[in-house]
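A short write-up of the structure that comes next.
Nothing in this text is a laboratory measurement; each read-out follows from the coordinates by a stated rule. What you see is a predicted model; the values in this text were computed from it and never measured. Reconstructed Cβ throughout: ideal geometry from the backbone, glycine too, with neighbour counts over all protein chains shown.
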Amino acid sequence: MPGVPDKVVLHPLVLLSVVDHYNRVAKDTKKRVIGVLLGETYKGQVDVTNSFAVPFEEDDKDPSIWFLDHSYLEIMFRMFKKVNAREHVIGWYSTGPRLREADLSMHALMANYCSNPVLVICEVEPKEVGLPFTAYTAIDEVREDGTEKSRQIFITIPTEVGQTEAEEIGVEHLLRNVKDATISTLASDVSAKLQALKGLKGRLGDVQEYLGAVLEGRLPVNNDIMTYLQDIFNLLPNMNVEALSTSLAVKGNDMMAAIYLASLIRSTLALHKLIDNKEARMWAEKERADKAKAAADKAAKAEKDKAADGKEGAAADKDQDKQADGAAKPTSNGNA
């Protein structure tokens, strides 16, 4: 289809901005937030590199009544344009978590700022494993019999998460700060495998639902999807071969044993560091106590020496007074 993007690549900064916007404005409510997506389009790929929030209100009872601040949008875009001239308005985002009746009219409004806008619905509280966002674009649907005039509908676009080298370094730095090195990775590995299996189960359920709808005639046969499914089945290993199943089991057990051993070694090293830290702290406290005791003894000795010097001075003054009194008395002799 002409004008329809082949893929939408969302950068981590955009996801963080959308979640922050939702937490500030609509957390613990049924409202949604809306903003503008910035980026560039090259060879059918839409790179969403930045975004900003836009004031938005809608009537809960009548979805056709809504308000979006155009002036704020234009002022913010002019300021972002001064920072990065390569970023253009490429669409808008919503926290849905699904499409609504007023989305087509808002999409038409966004078409005033870019030729073919995309809509990205982000799930700030995802309940399923997978990417927490879905991209859409609007196309004109025309009935073949010509009974109705053309109308716009949303179609989905393939999505993925992409990042530049600078963003990758920043995300890795944040994850490094979050990760606790004292915690074993065995539990995290098992949790990751469990989440992956849940995601696989969900995808297989979607495939089963689609094939069931095709068999019942509710959906037409899509040859591209059937080709992909056939490729998947061709790539699956034949688990009926005993040698293959045995080798996979041995390989899995070896990996689990290596992970378990590494976790034990890490726990032992952590305990060793804890004991070394405690011993170093005890020696430091003992050294401080010895220094404090030496300083107190030195102060007491100085005070004692000072008191002794004061007594000797007082005795010397007393002797001088006696000598002075003896010299002042008149001597008695025969001439008195």
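Here the residues Ser17, Ser71, ranked from fewest to most Cβ neighbours within 10 Å of their Cβ, fall in the order Ser71, Ser17.
Between Ala262 and Asp224, full extension at 0.36 nm per residue minus the direct alpha carbon distance yields a gain of 9.2 nm.
With a simple spin-label model that places each label point 7 Å from the Cα along the Cα-to-Cβ direction, the separation between Leu131 and Glu216 comes to 2.9 nm. With the crude spin-label approximation of a point 7 Å out along Cα→Cβ, what separation in nm comes out for Val4 versus Glu279? Calculated label separation equals 7.0 nm.
Using a Gaussian network for the chain with springs between C-alpha atoms less than 10 Å apart, which of these wobbles most: Asn50, Asn116, Asn277? Answer for the Gaussian network model of the chain: Asn277. Pairs of Cα atoms nearer than 8 Å and 6+ residues apart set the relative contact order; for the chain it is 13 percent.
Annotation: for a label point projected 7 angstrom from Cα along Cα→Cβ of Asn112, residues of the range 13-37 with backbone N closer than 18 Å are 34-37.
Ranked by how many other Cβ atoms sit within 10 Å of their own Cβ, fewest first, the residues His70, His107 fall in the order His70, His107. Couplings 3J(HN,Hα) for the range 15-31, derived from phi with the Karplus relation 6.51 cos²θ - 1.76 cosθ + 1.60 (θ = phi - 60°), are 4, 5, 5, 5, 5, 5, 4, 5, 5, 7, 10, 10, 5, 6, 10, 9, 7 Hz, where x marks Gly and Pro. Shown here is the pair-distance distribution of the range 7-179: with all Cα-Cα distances grouped in 5 Å bins from zero up to the longest one, the shares run 1, 7, 16, 20, 21, 16, 9, 5, 3, 1, 0, 0, 0 percent. Within the set (i) 17.4; (ii) 40.6; (iii) 16.0, the number that mean projected area of the Cα convex hull in nm² takes when calculated for this structure is listed as (ii). Per-residue ellipticity at 222 nm, computed for the chain from helices alone with -39500 (n - 2.57) per DSSP H run of at least four residues, works out to -19500 deg cm²/dmol. 3J(HN,Hα) along the range 193-202, derived from phi through the Karplus expression 6.51 cos²θ - 1.76 cosθ + 1.60 where θ = phi - 60°, amounts to 5, 5, 5, 5, 5, 5, x, 4, 4, x Hz, with x in place of Gly and Pro.
Normalising the average separation of contacting C-alpha pairs (under 8 angstrom, six or more residues apart) by the number of residues puts the relative contact order of the range 1-64 at 38 percent.
Computed over the range 7-179, relative contact order equals 23 percent, with contacts defined as Cα pairs under 8 Å that lie 6+ residues apart.
Near Leu37, the amide H atoms lying under 5 Å from its own belong to Ile90, Gly91, Trp92, Tyr93; only residues 5 or more places off or on other chains count, and H is placed 1.01 Å from N. With 25 Å as the limit on Cα-Cα distance, the pairs of Lys27/Lys127; Lys7/Lys27; Lys127/Lys251; Lys201/Lys251 that go past it are Lys7/Lys27; Lys127/Lys251.
Segment Val190..Lys286, full-extension length gain: 30.1 nm, with 0.36 nm per residue of separation and the alpha-carbon distance subtracted. Relative to the longest principal axis of the Cα atoms of the chain, helix 223-235 runs at roughly 60 degrees.
What residue among Gly162, Gly130, Gly217 shows peak mean-square fluctuation when the chain is described by a Gaussian network model with Cα springs under 10 Å? Top of the fluctuation ranking is Gly217. As a rough footprinting exposure proxy, the listed residues Tyr210, Tyr93, Tyr260 were ranked by other beta carbons within 10 Å of their own, and the order from fewest upward is Tyr260, Tyr210, Tyr93. Cross-link reach is defined here as a Cα-Cα straight distance under 16 Å, omitting same-chain residues fewer than 8 places apart; for Lys306 the lysines meeting it are Lys298.
Shown in residue order for the range 48-64 are the 3J(HN,Hα) couplings computed by the Karplus curve 6.51 cos²θ - 1.76 cosθ + 1.60 at θ = phi - 60°: 9, 9, 7, 6, 8, 7, 10, x, 8, 9, 9, 7, 5, 7, 10, x, 6 Hz (x for Gly and Pro).
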